[in-house]
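Enquirer: Take a look at this one; I'll ask things after.
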Amino acid sequence: ATVEPSGVTGSYSWSQISGPGGGTFSSPNSASTSFSAGTPGFYAVEVVFTAAGWTDDDTDVSGDIVVFGVDSETVATVPSNRSRTKLGVGEEVVCSVTPAISVTWSVTGDGYVSPTTGASTTFTASERSSTSTVHATIGSADNTIVFTAVEPSGVTMEQEPGTGIWHIYGTASAGFKGRPYITPNDVSFINIQVREQTCTGTGTGFYSYLNGIVHPVGSWISVGVGTNAKPSKVNGVDTIQSGSKGPPFSNGIFTWPIPWEFRVGSSSAKEFTIVTHQQVADSTGKVTISKGGVSVSKNAADPTSGY
């Protein structure tokens, strides 16, 4: 705010006369000053000018001064911290100003906002790791929020609730149904898709017959809402099994180091982790099979069972 009486010298005194909270002036006794307040809302200020050698004062009262703040809330409901500024790639956040006034929205860096004017907008993070600044601008005032988008880094599995362990009596065999979750767990990846890529397996001993078996490329699968602890749940169940082979039994290991890829929308695919499928047989026909942190076992003499 500035007051410039023409050709007259004197003293100035700025003060706040209304508003939802207390504010401060950068130079309360100067012709030009800045006003700031910690509580968003509409404020009014006044300045009293006393001319040198005069006993009367001249008082000017401002129109509304708008002090506005910018808040954000993730569209994803988990993780429960919806005011976080760390996001998964492609994640969406609603940004809004208080009080609800129309501002111009823009982004420095990757990602985009829509709409670009109004009291609120939705920011969509980039399809790759990035740091972006969302601006809410009105006149010369510019409030910002900085967001960091991260890519998926891993896959964990849990045995699908309500399922059993597959096995055929008299054979070396075991299998389970696994539900994948995408990590890290402090962001949401509900706007990505994932798939398994191809790889070549290695088999030794009892599993030498599987040596060189190629894992097929999987279909793209969307990621949905999980729990607060595991927020990014793959919308599909993986069937993990060893196959079945009868005696004679011997020690052997078969391994598939399976690459996992992600994409956002129609963007290019990017590998983000390796998930190992491994099955181990011993000389009694016991098989232990594991993938993504889940491991199950069956003995050859165990009764036949399904998933």
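Enquirer: Per residue, how much accessible area does the range 1-131 show when a 1.4 Å probe rolls over the protein heavy atoms, in square angstrom?
Expert: Heavy-atom accessible area per residue stands at 51 Å².
Enquirer: Continuing with this model, one more query. At a probe radius of 1.4 Å, what is the per-residue accessible area of VAL94, in Å² to the nearest 10?
Expert: Only protein atoms counted, so the area is about 60 Å².
Enquirer: Given a Förster distance of 30 Å, report the FRET efficiency between SER96 and GLU160 from their Cβ-Cβ distance, rounded to the nearest 0.05.
Expert: It comes to 0.15.
Enquirer: Computing the accessible area with a 1.4 Å probe over protein heavy atoms, can you report the carbon and sulfur percentage for the chain?
Expert: 50
Enquirer: In sequence order, what are the phi-derived ³J(HN,Hα) couplings for the range 220-234 according to the Karplus relation 6.51 cos²θ - 1.76 cosθ + 1.60 with θ = phi - 60°, rounded to whole Hz, with x for glycine and proline?
Expert: Using θ = phi - 60°, the values come out as 5, 10, 6, 10, x, 7, x, 10, 4, 6, 10, x, 10, 9, 5 Hz.
Enquirer: Given a Förster radius of 25 Å and the C-beta distance between ILE145 and THR24 as r, what FRET efficiency does 1/(1 + (r/R0)^6) yield to the nearest 0.05?
Expert: Plugging the Cβ-Cβ distance into 1/(1 + (r/R0)^6) gives 0.60.
Enquirer: Related question: What residues have an amide H closer than 5 Å to that of TYR112, excluding those fewer than 5 places away on the same chain, when H is modeled at 1.01 Å from N in the peptide plane?
Expert: Result for TYR112 returns THR124.
Enquirer: For labels at THR108 and ASP71 in the simple 7 Å Cα→Cβ model, what's the distance in nm?
Expert: 2.5
Enquirer: When ligands, DNA and RNA are left out and all protein chains stay put, how many square angstrom of accessible area per residue does the range 179-307 have with a 1.4 Å probe?
Expert: With all protein chains present, the range 179-307 gives 44 Å² per residue.
Enquirer: Relative to the present Cα-Cα distance, how much length would full extension add between ARG195 and TYR307 at 0.36 nm per residue of separation?
Expert: Length gained, ARG195 through TYR307: 38.1 nm.
The values are calculated or read from the model by the stated rules, or taken from the named source; none is laboratory data. Treat the numbers as computed from the prediction; the structure is a model and nothing was measured. Please note: Cβ atoms are built from the backbone with ideal geometry, for glycine as well, and neighbour counts cover all protein chains shown. Just the protein is used for accessible areas: all its heavy atoms, side chains included, with ligands, DNA and RNA removed. Shrake-Rupley method; radii C 1.70, N 1.55, O 1.52, S 1.80 Å.
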